[in-house]
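One structure is given below, encoded as structure tokens.
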Amino acid sequence: MKQKQLGTNGPMVSALGLGCMGMSDFYGPADRNESLATIQAAVDAGIQLLDTGDFYGMGHNELLIREALATIPREKLFIAVKFGALRAPDRSFLGVDTRPAAVKNALAYTLQRLGTDYVDLYQPARVDPQVPIEDTVGAIKEMVDAGYVRHIGLSEAGADTLRRASKVHPIAQLQIEYSLVSRHIEEEILPTARELGIAISAYGVLSRGLLSGHWTPERSSQAGREFRGHLPRFQGENLEKNLALVEALRGIAEEKGANVAQIATAWVISRGEDVIPLIGARKRSHLADALAALELVLDADDLTRIEAAVPKDAVAGTRYDAWQMNMLDSERS
Ligand SMILES: NC(=O)c1ccc[n+]([C@@H]2O[C@H](COP(=O)([O-])OP(=O)(O)OC[C@H]3O[C@@H](n4cnc5c(N)ncnc54)[C@H](OP(=O)(O)O)[C@@H]3O)[C@@H](O)[C@H]2O)c1
């Protein structure tokens, strides 16, 4: 698989990463065997970047990756871990804690669950408003110096935070939502990341399945208490408007001999050498679509038509609910 560099002077990684979140959390039940088979198929296809978080299923996702490590040599994987999100036994979210002691404590548990002695990239899931970013990144830097962490990233950070963090230690990547319907980073955050030599680890490439070509109002009704049942873009009139955008995209996809998910993924791939999409596949069939998107060439005419079908600000509804939007440093700058 094609390789991309994770930040100026950073490591080379596969041009696609596999996001493992949905294998443990957020999107309803997942099939353990299919999840493991998807990880194995991704590695067989040349993907080494696996993205996880210690709070994805409260440790479940890391334990799943540990199972995958039984048959995949550690050095074949580039494991990126998020930490800092606080959860209660009922699975609710309580906020974030990225104080230096919390950084080291979370890493100790992560290494134990993964059964490894280092992680390739460590990053706070959210910027903690109570803790200066210099303190959080400073604590991860100590873990780099001690050999437990290889590279440092940030998630959903704004431009100012990127600048401050970069003064403490090189930041290899910014993980942030980026898709045809989530283009907020283009104004300030993406140019700042480029200026600082920070790669973009793009998540929500399919807007959590909204741009999959398979989402329906019935699925929103069934989502119920599942995460997507609460997202503004998946509800009522917003959903109707958003699914009309998907239909416009479907026409272009069919002309290209592709499906909607492939076109939406290929659009993110086309954003630049420093943008690495995280594929949210939890089935081998979805992974296959993402791999096909790597081969899909979008020329200037295709891109113009795609962006006319889904204009920059056409999506209805914010990408998270109000409580979570309020936690995003990236939405403040
Ligand atoms: N830093 C952060 O704040 C943050 C936030 C969210 C995610 N992430 C990371 O980014 C990764 C990807 O995010 P995401 O899961 O939201 O990505 P996504 O690709 O936008 O959505 C994934 C969902 O889309 C559907 N899907 C995926 N491929 C498909 C295909 N080819 N055809 C039809 N449906 C398809 C699946 O839904 P069904 O399985 O229901 O069919 C899947 O669960 C996560 O695993 C996680 O590692 C980071």
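The values are calculated or read from the model by the stated rules, or taken from the named source; none is laboratory data. None of the values given here were measured: they were computed from a predicted structure. Positions of Cβ are generated from backbone atoms using ideal geometry, with glycine treated the same way; all protein chains shown enter the neighbour counts.
Some notes on this structure:
- Given (1) at pLDDT below 95; (2) in a strand (DSSP E or B), index of the condition residue 122 fails: (1)
- Filter pass, residue 304 being over 21 Å from residue 199 (Cβ atoms), touching a Pro at 6+ places or on another chain (Cβ under 6 Å) and more than 12 Å from the ligand (Cβ to nearest atom): no
- Helices (runs of 4 or more DSSP H) contained in the stretch 132-224 and holding at least 2 residues at pLDDT below 95 and either under 18 Å from residue 20 (Cα atoms) or charged (D, E, K, R) (or both): 217-223
- Selection status of residue 310, more than 12 Å from the ligand (Cβ to nearest atom), touching a Phe, Trp or Tyr at 6+ places or on another chain (Cβ under 9 Å) and modelled with pLDDT of 95 or more: yes
- Number of positions in the stretch 243-291 that are of a type in the set (Asp, Glu) and under 15 Å from the mean Cα position of the chain (by Cα): 1
- Complete set of residues in the stretch 16-54 that are among the basic types (Lys, Arg) and touching a strand residue (DSSP E or B) at 6+ places or on another chain (Cβ under 8 Å): none
- Test: residue in the stretch 6-13 that is within 14 Å of the ligand (Cβ to nearest atom), surrounded by fewer than 18 Cβ atoms within 10 Å (Cβ to Cβ) and assigned to a loop (DSSP other than H, G, I, E, B): no
- Flag if residue 98 is touching a Ser or Thr at 6+ places or on another chain (Cβ under 7 Å), at pLDDT 95 or above and either part of a strand (DSSP E or B) or under 18 Å from residue 155 (Cα atoms) (or both): yes
- Residue within the stretch 204-215 that is touching a residue at least 40 places away in the same chain (Cβ under 8 Å), surrounded by fewer than 19 Cβ atoms within 10 Å (Cβ to Cβ) and charged (D, E, K, R) present: no
- Neighbours by Cβ (under 8 Å, 6+ apart or cross-chain): first from the stretch 252-274, over 18 Å from residue 204 (Cβ atoms) and part of a helix (DSSP H, G or I); second within 15 Å of the ligand (Cβ to nearest atom) and of a type in the set (S, T, N, Q): 253/259; 253/262
- Residues of the stretch 289-301 satisfying the condition of being without any contact (Cβ under 8 Å) to a residue 60 or more places away in the chain and either near the ligand (Cβ under 10 Å from one of its atoms) or outside any helix (DSSP H, G or I) (or both): 289, 292, 293, 296, 297, 298, 299
- Any hit, the stretch 60-79, residues being of a type in the set (Ser, Thr, Tyr), away from the ligand (no atom under 13 Å from the Cβ) and without any contact (Cβ under 8 Å) to a residue 60 or more places away in the chain: yes
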